[in-house]
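Undergrad: Questions regarding the structure given below will be posed in turn.
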Amino acid sequence: MSKSFETQRNGWTASGERAILVSVALPHRPWPTSDPCDEIRGLAETAGAVIVGELTQKRQEIEVSTYIGAGKLRELKDLVVARDADVVIFDNDLSPAQVRNLEKELGVKVLDRSEVILDIFASRARTVEARLQVELAQLEYSLPRLKRMWTHLSRQTGGGIGLRGPGETQLETDRRLVAERIRDLKARLAVVLARKEREVQSRRREYTVSLVGYTNAGKSHLMNALTGAGVYVKNQLFSTLDTRTRRWHIPHWGRVLLSDTVGFIRDLPHHLVASFRATLAEARHARLLLHVVDASNPQAEQQIDAVTAVLKELGCSNQPTLLVLNKIDRLEDRSRLRLLEGRHPRCVAVSALTGEGLDQLADMVVEMLAEDFAEAEIITSAGNGKVLAYLNAHAEVYRQEFHDEANEVRLHCHLPRRLLQQLRDPSVRIRLL
Ligand SMILES: Nc1nc2c(ncn2[C@@H]2O[C@H](COP(=O)(O)OP(=O)(O)OP(=O)(O)O)[C@@H](O)[C@H]2O)c(=O)[nH]1
Ligand SMILES: [Mg+2]
């Protein structure tokens with residue numbers, strides 16, 4: 001069964017491919033549910049694969065060369081032949097050498113969890129920004145696996161042989177080309193990121209709220225329900241890859257800018273998190289995060305933890321956050337909801353589908369936005385450039401007065417309360433208004 005998968009490495013399209021799933025539980029990575037393949041099945045199907053078999057194994061430690069043990073490998077090989085599979089998908093992350101050994105042994109393409117997630121992202125990326133981010137993540141992921149993707153790369157850059165430098169092997173050439181492309185993508189993304197940061201900063205005067213959460217939690221649906229926006233909603237993983245911002249008019253209060261964002265998942269490939277910094281600029285600068293959870297999912301609690309971990313990695317962990325327990329219409333027995341509510345003091349239960357709880361959500365958003373900000377007069381010496389620059393960068397300064405005789409500046413500001421903590425200094429006086 002020889003296949004030309006080497007040439008497709010970085011552009012795997014699983015449409016209709018017959019896949020066997022493998023999930024290995026290890027002491028530090030147990031199966032999250034009684035159904036070990038639950039999530040990888042969702043990912044593989046989202047990528048377009050047809051599942052023709054599943055195999056699971058519990059191990060104390062991995063087999064270094066092939067991840068699974070020799071007996072399990074034989075069983076897997078038999079299954080590949082019996083089910084005429086095209087691809088084997090691991091729910092774990094494999095090293096380049098493990099992939100190579102497994103492919104040699106099995107005679108079919110072997111993918112790991114990160115690769116499937118990257119593939120889904122690649123097929124969903126629509127905007128220039130999302131494409132740049134996904135390409136960067138894919139190349140960084142591929143660099144150590146380069147041996148098998150050179151044909152793809154030379155195709156992309158318009159011919160391989162002619163590009164080779166004197167005395168370079170093909171692999172060295174490939175490494176150099178990929179490294180150059182990574183540098184180029186990073187430079188372009190830095191420009192995008194700087195523009196985004198400026199845009200987001202210019203919205204600082206507005207009330208900005210970001211929807212974040214596990215993939216398929218119902219963020220886009222909630223966005224539509226609140227703003228009437230026509231955002232793509234589908235029962236699949238990672239349907240939203242680009243941030244969209246819409247106006248949300250909260251009756252008797254005012255306007256909020258609401259952003260929808262890319263969904264998170266457990267063990268999100270590290271490169272993907274890092275490269276999605278531009279897309280998540282909205283979330284980083286939002287005055288309030290709405291962390292949406294599918295309360296009907298038995299894994300709700302683990303998904304909350306996974307999202308919290310990614311938020312931390314993105315530098316969003318100190319932002320005011322309201323947990324939104326969504327899809328409560330699907331809960332026949334509400335005792336599970338009570339459990340979640342008991343564990344998370346700041347939460348609200350809603351259904352984006354039926355509209356239940358949305359008024360209460362709006363009330364809590366208003367309450368949190370108001371409580372999170374303060375009006376204050378800040379008095380400091382005219383020479384305190386550091387504090388003045390800090391306030392001008394992070395607060396909304398309405399008025400600034402110099403008092404020559406005391407050599408001080410008085411600034412009348414609207415600012416997040418947490419900044420007040422950071423201004424605590426003998427040289428600064430704060431008067432709340
Ligand atoms: N029953 C029910 N289904 C919901 C509710 N909210 C969303 N859904 C469904 O859940 C699925 C996922 O919804 P999305 O809004 O696309 O989820 P998302 O969080 O934006 O997902 P990603 O963009 O993939 O991160 C869709 O099939 C929705 O119809 C709800 O309150 N109740
Ligand atoms: Mg979405």
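The values are calculated or read from the model by the stated rules, or taken from the named source; none is laboratory data. This structure is a prediction, so every number in the text was calculated from the model and none was measured. In this analysis, Cβ positions are derived from the backbone assuming ideal geometry, glycine residues included, and neighbour counts consider all displayed protein chains.
Undergrad: Can you find a residue in region 361-377 that is within 16 Å of ligand 1 (Cβ to nearest atom) and over 17 Å from M223 (Cα atoms)?
TA: no
Undergrad: When the residues of region 388-421 are filtered to those that are closer than 11 Å to I378 by Cα and acidic (D, E), which remaining residue is modelled with the highest pLDDT?
TA: E408
Undergrad: Which condition from (1) closer than 19 Å to P298 by Cβ; (2) touching a residue at least 12 places away in the same chain (Cβ under 8 Å) is the one that D35 breaks?
TA: (2)
Undergrad: Within region 170-228, which residues are assigned to a helix (DSSP H, G or I) and among the β-branched types (V, I, T)?
TA: T173, V178, I182, V191, V192, V200, T227
Undergrad: If you don't mind, another one. Given the options L419, L388, name the one that is outside any strand (DSSP E or B), under 32 Å from the mean Cα position of the chain (by Cα) and either assigned by TED's automatic domain parsing to the domain that holds L258 or of a type in the set (A, V, I, L, M, F, W, C) (or both).
TA: Matching residue, one of L419, L388: L419.
Undergrad: Got a number for residues in region 292-327 being within 11 Å of ligand 1 (Cβ to nearest atom), modelled with pLDDT of 95 or more and buried (at least 22 other Cβ atoms within 10 Å of the Cβ)?
TA: Total satisfying the criteria: 7.
Undergrad: Checking the condition of a type in the set (A, V, I, L, M, F, W, C), in contact with a strand residue (DSSP E or B) (Cβ under 6 Å, 6 or more places away or on another chain) and not assigned by TED's automatic domain parsing to the domain that holds Q138, which residue from V88, V81, V64 passes?
TA: One residue alone meets the criteria, V88.
Yes/no matrix, rows are residues, columns are (1) at pLDDT 90 or above; (2) near ligand 1 (Cβ under 10 Å from one of its atoms); (3) over 20 Å from E129 (Cα atoms); (4) assigned by TED's automatic domain parsing to the domain that holds E140:
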position: L177; (1), (2), (3), (4): no, no, yes, yes
position: L185; (1), (2), (3), (4): yes, no, no, yes
position: A190; (1), (2), (3), (4): no, no, no, yes
position: L193; (1), (2), (3), (4): no, no, no, yes
position: E197; (1), (2), (3), (4): no, no, no, yes
position: S210; (1), (2), (3), (4): yes, no, no, no
position: A217; (1), (2), (3), (4): yes, yes, yes, no
position: N224; (1), (2), (3), (4): yes, yes, yes, no
position: Q236; (1), (2), (3), (4): no, yes, yes, no
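Undergrad: Take residues that are within 16 Å of ligand 2 (Cβ to nearest atom) and tell me which of the helices (runs of 4 or more DSSP H) falling wholly in region 261-374 contain 2 or more.
TA: By residue number, 281-285, 300-313.
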